[in-house]
Each structure stands twice: as structure tokens, then as C-alpha cells.
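The values are calculated or read from the model by the stated rules, or taken from the named source; none is laboratory data. Everything quoted here is computed from the prediction, not taken from an experiment. When we count neighbours, we look across all protein chains shown, and the Cβ atoms used for this are built from the backbone with ideal geometry, even at glycine.
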Amino acid sequence: MIKNLTERERELLMLLAEDSSLSVTEISKTLKVSAVTVRHDLSSLSDKGFVVRTRGGAFPAFNPSILVRQRNMVDVKSRIAKAAADLIEDGDTIMIEAGTTTALIAQYLLGKRDIHIVTNSTLIIPYARINPSIHLTLTGGAFRPFTESIVGPVALKELEQFHVKYAFVGTDGFSLKTGLTTHLVEGAEIVKKMADQAGTIICVADSSKYGNAGFVKVLPLENIGTLITDSGLDSAVVNEIKEKGVEVLRV
């Protein structure tokens, strides 16, 4: 989402993520622009759903950690998300797990028709709002601002009601030894449930996550149908992953 902002809007958003008490005057001095420009940018960010205006300033509409992760490896994540969206055909039913890369998949569904998404990610809502071809089912459950996700027993129970063609999932780390891992138990439960309800599991993960091991084991690599990553993943590793029956797309 942050990719659609101007550079000044991104800088302004990150300033607010670090200190939401900043006034318009303080922001204008930091960015070296007029107060009028700052107010214009705040109004633009508010209209786009990134900030909530207050008297004399604003605060981010998302948890600051989300904004930091969205700013990391923007181009790589966008290429991976687009490659994932290219696999989706008109009329497909899919699940998308919460995450900054997975959420971007919805951005690239413009032009496709009658796509039904089941998700626990609130980051997808803005894309569904502007794309009439997306039919969005958002699970109930407990909201976690840190990951902009909905988790817990209610979410798991609701996911059982659906069977989809693809489940698009992310990971905090992956390797041949540990498979997919994450730092949060609740997130691991969501991925496992989506895997149970999908014909094919597609993992989207940039190459920097290879070799990292999160606290919770999620799925072995051989359970994945396709891994979409970037060209930074070593060719020898790619070949070993393919030997486990996993298709690897490097973008």
C-alpha cells in the first residue's frame, strides 16, 4: 500500500509512526515544506486511509510496525505479489493470509473478474473497496493491530466453512530443514487451517527470509505447491527445494 504514496507522503507517514504527537508546524520544519503543504498531504493521507486527522495533526491508521514492514523491500515484494496475482484466473476462489506481501496480491487483481477472497487480513479491505470484481469475505475473531490480522478460534472455525483453489500464505522464515516458520502461534494456526481448505498452497516470501527460523513451525516445504520469491535465492537452494516437489518462481 505504501508504494502508492509520494516520497514526501511516505516520509510524513514515517514521522507520524515515530511520534504521532507532532504538530503541523513541527512536521513542516522537519520536512522543510510549508504548513499548507503539510496540511494538504495530511488530507491526502486521510483520504487514502493511512492516517486519522486530529486537531492540529494526525496519527497513523495502522500499527507503526506495519508501516515499517511495508517500507522494507517494496519493489521486491511488489514483484512477488504481482507474480502471485498472475496465477489467479477469473472466477477463482482464494484465501490470503495476513501479511504485508500477501496483502499486495489484491492490488494486482484489477482487470480480473469475479474473484472471491477469504482472508484474515484487514490490509486487503482498501483494495476490495476500490475493485468491484473482488468479493471479500473477512473472518471474524480477535483483531491484532501489530499484524493487521484477525485470529483465534472464531477465525479458525469460519475458515472451515470454505474450500478454495489457492491459499496464499507468507512466512517469517523458511529453510529446507525447518520448512515454514513464524513468530506467532496464532498466525501459524491460521496458515495451517488455510492449507487444509485449499487445493494448492502458494507461499510468497522474499529471499532474505531463507535460513531464518521463527519460533513456531508452520508447514514442511513439501506441503507447498509453489514458492514465489526473488532472484536473490541461491540456485542450489532452488534446486533442492524443487527436489521436494515444490515449484519455484523467482521474479
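Going by what's in this entry, would Gly49 be described as within 30 Å of Lys209 (Cα to Cα) and not assigned by TED's automatic domain parsing to the domain that holds Ile150? Give the derivation first.
Numbers: within 30 Å of Lys209 (Cα to Cα): yes; not assigned by TED's automatic domain parsing to the domain that holds Ile150: yes.
So Gly49 fits the description; yes.
Considering each of Ser34, Ser46, Ser28, Ser20 in turn, give the residue that is under 21 Å from the mean Cα position of the chain (by Cα) and either surrounded by fewer than 16 Cβ atoms within 10 Å (Cβ to Cβ) or at pLDDT 85 or above (or both).
On the way: Ser34 fails: under 21 Å from the mean Cα position of the chain (by Cα); Ser28 fails: under 21 Å from the mean Cα position of the chain (by Cα); Ser20 fails: under 21 Å from the mean Cα position of the chain (by Cα).
Of the residues listed, the single one that is under 21 Å from the mean Cα position of the chain (by Cα) and either surrounded by fewer than 16 Cβ atoms within 10 Å (Cβ to Cβ) or at pLDDT 85 or above (or both) is Ser46.
In region 229-242, is there at least one residue being within 17 Å of Thr100 (Cα to Cα) and either touching a residue at least 24 places away in the same chain (Cβ under 8 Å) or over 20 Å from the mean Cα position of the chain (by Cα) (or both)? Break it down stepwise before answering.
Taking region 229-242 as the starting set, the residues that turn out to be within 17 Å of Thr100 (Cα to Cα) are 229-230.
From what's left, either touching a residue at least 24 places away in the same chain (Cβ under 8 Å) or over 20 Å from the mean Cα position of the chain (by Cα) (or both): 229-230.
Checked region 229-242: at least one residue is within 17 Å of Thr100 (Cα to Cα) and either touching a residue at least 24 places away in the same chain (Cβ under 8 Å) or over 20 Å from the mean Cα position of the chain (by Cα) (or both).
Going residue by residue through region 80-94, is there one that turns out to be basic (Lys, Arg) and farther than 19 Å from Ile115 by Cβ? Walk me through it before giving the result.
Start the filter on region 80-94 by keeping residues that are basic (Lys, Arg), which leaves 82.
Still in the running and farther than 19 Å from Ile115 by Cβ: none.
The answer is no; no qualifying residue exists.
Which condition does Asp41 not pass, out of (1) charged (D, E, K, R); (2) part of a helix (DSSP H, G or I); (3) closer than 30 Å to Leu233 by Cβ, if it passes all the others?
Every listed condition holds for Asp41 apart from (3).
Mind telling me which of the residues Ala103, Ala35, Ala98, Ala58 ends up being of a type in the set (Gly, Ala, Ser) and free of Cβ contacts under 8 Å to residues at least 24 places away in the same chain? Talk me through it step by step, then tell me what you get.
Values: Ala103 fails: free of Cβ contacts under 8 Å to residues at least 24 places away in the same chain; Ala98 fails: free of Cβ contacts under 8 Å to residues at least 24 places away in the same chain; Ala58 fails: free of Cβ contacts under 8 Å to residues at least 24 places away in the same chain.
Residue meeting the stated conditions: Ala35.
Cβ contacts < 9 Å: first residue assigned to a strand (DSSP E or B), restricted to region 115-131; second residue acidic (Asp, Glu), any location; separation 6+ or different chain. Result?
Pairs that qualify, where the first residue is assigned to a strand (DSSP E or B) and the partner is acidic (Asp, Glu), are Ile115/Glu89; Ile115/Asp90; Ile115/Asp92; His116/Asp92; Val118/Glu158; Thr119/Glu97; Ser121/Glu97; Ser121/Glu148.
Could you give every pair whose Cβ atoms fall below 6 Å, whose first residue belongs to region 148-161 and is surrounded by fewer than 19 Cβ atoms within 10 Å (Cβ to Cβ), and whose second residue is small (Gly, Ala, Ser) and modelled with pLDDT under 95, counting only separations of at least 6 or pairs across chains?
none
Taking Val74 and the conditions (1) more than 21 Å from Phe143 (Cβ to Cβ); (2) among the β-branched types (Val, Ile, Thr); (3) free of Cβ contacts under 8 Å to residues at least 40 places away in the same chain, which numbered condition does it fall short on, given that it satisfies the others?
Only one criterion in (1) more than 21 Å from Phe143 (Cβ to Cβ); (2) among the β-branched types (Val, Ile, Thr); (3) free of Cβ contacts under 8 Å to residues at least 40 places away in the same chain is unmet by Val74, namely (3).
If you take just the helices (runs of 4 or more DSSP H) that sit entirely in region 48-109, which of them hold at least 2 residues that are within 19 Å of Ser133 (Cβ to Cβ) and touching a strand residue (DSSP E or B) at 6+ places or on another chain (Cβ under 6 Å)?
Numbers: elements: 64-71, 74-86, 100-104.
Because the criterion is at least 2 residues that are within 19 Å of Ser133 (Cβ to Cβ) and touching a strand residue (DSSP E or B) at 6+ places or on another chain (Cβ under 6 Å), the helices (runs of 4 or more DSSP H) in region 48-109 that meet it are 100-104.
Condition test on Pro126, is it in the same structural domain as Ala198 (by TED's automatic domain parsing), exposed (fewer than 14 other Cβ atoms within 10 Å of the Cβ) and either at pLDDT below 95 or on the phi > 0 side of the Ramachandran plot (or both)? I'd like the intermediate steps shown before the answer.
Working: in the same structural domain as Ala198 (by TED's automatic domain parsing): yes; exposed (fewer than 14 other Cβ atoms within 10 Å of the Cβ): no; either at pLDDT below 95 or on the phi > 0 side of the Ramachandran plot (or both): yes.
So Pro126 does not fit the description; no.
Looking at region 146-153, can you tell me whether even one residue there is at negative phi, outside any helix (DSSP H, G or I) and at pLDDT below 95? Please lay out each step first, then the result.
Start the filter on region 146-153 by keeping residues that are at negative phi, which leaves 146-147, 149-151, 153.
Restricting the remaining residues to those that are outside any helix (DSSP H, G or I) gives 146-147, 149-151.
Narrowing further to those that are at pLDDT below 95: 146-147.
Yes, some residue in region 146-153 is at negative phi, outside any helix (DSSP H, G or I) and at pLDDT below 95.
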